[in-house]
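Asks: The structure follows.
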Amino acid sequence: MATPSYRYVLCDLLTDQLLAVLPLTGVSFSRAISRTGSLSATLKAPAVGTSVNGVVTTPEKNRQLINAAKLLHRYAGRSALWVYRDNAVWWGGIPWTVIPRQDQRGSVEVSVTGATFDSYAHRRTLHKNIDYVQWDQNQLVASLWQTLQGFDTGGDQRGNIGVECGFFQDSIPKSTILRDRTYRMADQPRFGKLIEDLGDVIDGPEHTIDTWVDDAGNRHKTLRVQTRIGVIDPRAVFQRVANGGGRVLEWSHTADAVDGGTTFWARGDAPEGNADTEVEPILSTRYYAHDLLDDGWPLLDVSADYQGVKEVGTLNQYAQALRSTQSGAMPSSDYVVAVGNTGWSPNRLGDNVRLKLTDAWHDNTDLTVRPVAVTVTASEKGVDEKVALTFDAEA
């Protein structure tokens, strides 16, 4: 299989104007459905006269690398970093932290950590009161993105980072599930938390921001919201045969009971009361994983707080979702795969894939499973690409 070529393009966050193509190394990045992905990388500027892979660093080369490092440092928090794999964008996000260091020999090394574009919503605080009454849940997510980017009445579009979110929700498909939500500026909630909380109720919406390039070379950040992201029929097949060959290179199965449980609560805010009266927060009904308890599991309690929620019915939906996703030892599976010519990319997270496995653990296993996250180690000289898919159940 041909080794993919990676390229790292730094642009202004608000205008997407090109700033630099960066010579990053040690790049690792992740994406996930309904959660923020991450990136870590290094930019190295060897001292003049230093030999790297048999090539001596010239004053001109050192100056070019130092200038690139200074640019990256200056634009931390206000730039977009696009990761190209061959001609496709596999990751896009914001470099939030950039730390240059110099060693005793004069070489400079810059560490970069970033997060996907949805992390911007976690840096923005609600700036007005909003009441949503019987809104389709998918379009409610789009409306929150429109508001934080300044497309509401009187909005400040200095917060418009270019996430295409279906202005007036015209490009966001309806879910037929209606929600009531009341958000108050005085609570100072972050938009990102509101969006994630909306998806954490039972049957709540999933979201992601697809990053892609059109035929004219223009880069896009497109919000996608669905009750379930992805297609059902598998379009990619990953196989492992008895001798270890095939597209499945490594695997691991996790059973994690640290955050799992058998009883579930959700806690909201206290209802409004008299100033002289002590008012306790509202609690949901207590829900049980009866099938696990009947099977011999002990009582293990899981609870979560939801700021701004004052309706028992909404808290019950959160508690039911906790029971659905955190019962017992939560299973997950990671598979390191060779993508090759399968056509798979991170924009296809949520699309079912087919796994055909024959090895010491799997006996002629043929499964259709759904990847919900991916972690990639980018290829470079001396380093092979590593693509690890995470599935939402043991496979």
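The values are calculated or read from the model by the stated rules, or taken from the named source; none is laboratory data. Quick caveat, the model's predicted, so the values are computed rather than measured. Cβ placement follows ideal geometry from the backbone for every residue including glycine, while neighbour counts extend to all protein chains displayed.
Asks: What number goes with the only condition from (1) among the hydrophobic types (A, V, I, L, M, F, W, C); (2) touching a residue at least 60 places away in the same chain (Cβ under 8 Å); (3) in contact with a Pro (Cβ under 7 Å, 6 or more places away or on another chain); (4) under 30 Å from PRO189 (Cα atoms) that VAL110 does not pass?
Replies: Against the list (1) among the hydrophobic types (A, V, I, L, M, F, W, C); (2) touching a residue at least 60 places away in the same chain (Cβ under 8 Å); (3) in contact with a Pro (Cβ under 7 Å, 6 or more places away or on another chain); (4) under 30 Å from PRO189 (Cα atoms), VAL110 comes up short only on (4).
Asks: Please identify the pairs in which a residue from the stretch 81-99 that is over 20 Å from GLY343 (Cβ atoms) has its Cβ atom under 6 Å from the Cβ atom of a residue that is surrounded by fewer than 21 Cβ atoms within 10 Å (Cβ to Cβ) and polar (S, T, N, Q), counting only partners at least 6 apart or on another chain.
Replies: THR97/THR113; ILE99/SER111
Asks: Of everything in the stretch 369-386, what is free of Cβ contacts under 8 Å to residues at least 60 places away in the same chain, crowded, with 19+ Cβ neighbours inside 10 Å and out of contact with any helix residue (DSSP H, G or I) (no Cβ under 9 Å at 6 or more places or on another chain)? Give them in sequence order.
Replies: Passing the criteria: only VAL369.
Asks: Tell me which residues, restricted to the stretch 326-335, are surrounded by fewer than 18 Cβ atoms within 10 Å (Cβ to Cβ) and out of contact with any Gly (no Cβ under 9 Å at 6 or more places or on another chain).
Replies: Passing the criteria: PRO331, SER332.
Asks: With respect to VAL163, determine if the residue is in the same structural domain as LEU39 (by TED's automatic domain parsing), crowded, with 16+ Cβ neighbours inside 10 Å and modelled with pLDDT of 95 or more. So that I can check it myself, show each step before the final result.
Replies: Numbers: in the same structural domain as LEU39 (by TED's automatic domain parsing): no; crowded, with 16+ Cβ neighbours inside 10 Å: yes; modelled with pLDDT of 95 or more: yes.
Criteria not met by VAL163.
Asks: A further question follows. Identify, by number, the condition in (1) closer than 28 Å to THR42 by Cα; (2) loosely packed, with under 15 Cβ neighbours inside 10 Å; (3) of a type outside the set (Asp, Glu) that PHE117 doesn't meet.
Replies: (2)
Asks: Of the conditions (1) in a loop (DSSP other than H, G, I, E, B); (2) within 14 Å of GLY246 (Cβ to Cβ); (3) under 23 Å from the mean Cα position of the chain (by Cα), ARG354 clears all except one; give me its number.
Replies: (1)
Asks: Does ARG179 satisfy the condition of being of a type in the set (Lys, Arg), outside the structural domain of CYS11 (by TED's automatic domain parsing) and in a helix (DSSP H, G or I)?
Replies: Values: of a type in the set (Lys, Arg): yes; outside the structural domain of CYS11 (by TED's automatic domain parsing): yes; in a helix (DSSP H, G or I): no.
No.
Asks: Something else: Based on what the data block shows, is ARG286 of a type in the set (D, E, K, R), surrounded by fewer than 14 Cβ atoms within 10 Å (Cβ to Cβ) and touching a residue at least 40 places away in the same chain (Cβ under 8 Å)?
Replies: Values: of a type in the set (D, E, K, R): yes; surrounded by fewer than 14 Cβ atoms within 10 Å (Cβ to Cβ): yes; touching a residue at least 40 places away in the same chain (Cβ under 8 Å): no.
In short, no.
Asks: Within the stretch 12-33, take every residue that is of a type in the set (Ser, Thr, Tyr) and closer than 25 Å to GLU385 by Cα and give me the one that is surrounded by the fewest Cβ atoms within 10 Å (Cβ to Cβ).
Replies: Let us first name the residues in the stretch 12-33 that are of a type in the set (Ser, Thr, Tyr), namely 15, 25, 28, 30.
Checking which are closer than 25 Å to GLU385 by Cα leaves us with 25, 28, 30.
Working: THR25: 15, SER28: 13, SER30: 20.
Checked the stretch 12-33; the qualifying residue surrounded by the fewest Cβ atoms within 10 Å (Cβ to Cβ) is SER28.
Asks: While we're looking at this one, here's another question. When you check THR222 against the structure, is it surrounded by 13 or more Cβ atoms within 10 Å (Cβ to Cβ), modelled with pLDDT of 90 or more, hydroxyl-bearing (Ser, Thr, Tyr) and closer than 17 Å to TRP145 by Cα, yes or no? Walk me through how you get there before you give the answer.
Replies: Numbers: surrounded by 13 or more Cβ atoms within 10 Å (Cβ to Cβ): yes; modelled with pLDDT of 90 or more: yes; hydroxyl-bearing (Ser, Thr, Tyr): yes; closer than 17 Å to TRP145 by Cα: yes.
Here the answer is yes, as THR222 does meet what is asked.
Asks: Residues that are among the polar types (S, T, N, Q): list the strands (runs of 3 or more DSSP E) wholly contained in the stretch 244-323 that include at least 2 such residues.
Replies: Numbers: elements: 248-256, 263-267, 301-305.
In the stretch 244-323, 248-256 are the strands (runs of 3 or more DSSP E) which contain 2 or more residues that are among the polar types (S, T, N, Q).
Asks: Can you tell me which residue is nearest to ARG124 (Cα to Cα) among those in the stretch 185-203 that are touching a strand residue (DSSP E or B) at 6+ places or on another chain (Cβ under 7 Å) and not in a helix (DSSP H, G or I)?
Replies: ARG190
Asks: For residues in the stretch 172-192 being buried (at least 17 other Cβ atoms within 10 Å of the Cβ) and modelled with pLDDT of 95 or more, which is nearest to ASP351 (Cα to Cα)?
Replies: GLY192
Asks: How many of the residues in the stretch 113-138 are polar (S, T, N, Q), over 26 Å from the mean Cα position of the chain (by Cα) and part of a strand (DSSP E or B)? Talk me through it step by step, then tell me what you get.
Replies: Step one: filter the stretch 113-138 for residues polar (S, T, N, Q), giving 113, 116, 119, 125, 129, 134, 137-138.
Remaining after also requiring over 26 Å from the mean Cα position of the chain (by Cα): 129, 134.
Those still in the list that are part of a strand (DSSP E or B) too: 134.
Result for the stretch 113-138: 1.
Asks: Provide a single number: the residues in the stretch 296-347 that are among the hydroxyl-bearing types (Ser, Thr, Tyr) and either under 23 Å from THR263 (Cβ atoms) or over 24 Å from the mean Cα position of the chain (by Cα) (or both). So that I can check it myself, show each step before the final result.
Replies: Narrowing the stretch 296-347 to residues among the hydroxyl-bearing types (Ser, Thr, Tyr): 303, 306, 314, 318, 324-325, 327, 332-333, 335, 342, 345.
Those left that are additionally either under 23 Å from THR263 (Cβ atoms) or over 24 Å from the mean Cα position of the chain (by Cα) (or both): 303, 306, 314, 318, 324-325, 327, 332.
Result for the stretch 296-347: 8.
Asks: Working only within the stretch 270-314, note down all residues that are touching a Gly at 6+ places or on another chain (Cβ under 7 Å) and modelled with pLDDT under 95. Spell out how you get there, then give the answer.
Replies: We begin by selecting, within the stretch 270-314, every residue touching a Gly at 6+ places or on another chain (Cβ under 7 Å); these are 279, 281-282, 289, 292, 297, 300-302, 306, 309-310.
The answer is VAL279, PRO281, ILE282, TYR306, VAL309, LYS310.
Asks: Take ILE172 and decide whether it is closer than 30 Å to PRO371 by Cβ, in a loop (DSSP other than H, G, I, E, B) and in contact (Cβ under 8 Å) with a residue 60 or more places away in the chain. Full working, then the answer.
Replies: Details: closer than 30 Å to PRO371 by Cβ: yes; in a loop (DSSP other than H, G, I, E, B): yes; in contact (Cβ under 8 Å) with a residue 60 or more places away in the chain: no.
Here the answer is no, as ILE172 does not meet what is asked.
Asks: Residue by residue through the stretch 197-219, note down the ones that are closer than 27 Å to ASP12 by Cβ and surrounded by 16 or more Cβ atoms within 10 Å (Cβ to Cβ). Spell out how you get there, then give the answer.
Replies: First, the residues of the stretch 197-219 that are closer than 27 Å to ASP12 by Cβ: 207-219.
Passing the criteria: HIS207, THR208, ILE209, ASP210, THR211, ARG219.
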